[in-house]
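K.L.:
Okay, handing you the structure first.
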Amino acid sequence: MSYLSFSLSSGILPSAMLVLALGFPWQSVQAQDGSSSARPVISAEQRGDIFVARKMYREAIESYREAPETAVLINKIGIAYHQLADLQDAQKCYQRAVKLDPQYAEAINNIGTVYYSRQSYRRAISQYKKVLRLRPDSASTLANLGSAYFARKQYELASESYQKALALDPTVFESKSGAGQLVRDRSVSDRPMFFYYLAKSFAKAGMFDQALSYIRKSLEEGFKERQKFVNEPEFAGLPKVL
């Protein structure tokens, strides 16, 4: 299972709706016939944000490059490259962003997601831990850390990270991040086991509807150890589903 997400792309919206949703200021424009109308004042960076929201990543990169260089802007360019599966240029941008701002936790997280995508899980874990030293309340990074542990078959550490992520944000596995700067990339090869551990994490957090949903997903994917859902204490509060 593979998915990569960040905040701005929740769907494709008409440009006018995007302008309203993103809260750009408006200015009055005088026409030759003396009439006036309003139009949004949009910077190069904001135009790039609109392109990203419309999943037009190459156009976004071009627009971002017209804006003054900041750590946030370079990180956004990195995300656009990441969405294009250009991991090399994405990593260069994230590293440049961190050089501009060594405390920029989102860019450090995104370096971790590049390592994760390259299956360099130890390095990914190292980057995520750096983020958590700066932002111990980052639910998305904790979820990323859990997935890196999972990929290394360190299941208990993965489960612990998922528990911490859910405690901070119960929707962390269900929704996109909200800052437009942080990438979540969780690709797993063992889908049945992954769904089992998510079900266990949700059950332990008392989120039984979500736990049941992931139990069903794990079984649909071929999870064989069905008795775990009956015998393990985390699932004791769930209705019988087997």
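Every residue, every condition in (1) modelled with pLDDT under 95; (2) under 25 Å from residue 52 (Cα atoms); (3) of a type outside the set (Lys, Arg), yes or no:
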| position | (1), (2), (3) |
| --- | --- |
| 99 | no, yes, no |
| 112 | no, yes, yes |
| 115 | no, yes, yes |
| 151 | yes, no, yes |
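K.L.:
Which of the residues belonging to the stretch 112-125 are surrounded by 17 or more Cβ atoms within 10 Å (Cβ to Cβ), over 19 Å from residue 101 (Cβ atoms) and without any contact (Cβ under 8 Å) to a residue 60 or more places away in the chain?
P.N.:
115, 121, 124, 125
K.L.:
Using the structure shown, decide if residue 188 is assigned to a helix (DSSP H, G or I) and modelled with pLDDT under 90.
P.N.:
No: the conditions fail for residue 188.
K.L.:
Those residues that are crowded, with 19+ Cβ neighbours inside 10 Å and over 20 Å from residue 169 (Cα atoms), I need them from the stretch 126-138; list them, please.
P.N.:
The answer is 127, and nothing else.
The values are calculated or read from the model by the stated rules, or taken from the named source; none is laboratory data. Computed from a predicted structure; not experimentally measured. Counting neighbours? That spans all protein chains shown, and the Cβs are built from the backbone with ideal geometry, glycine included.
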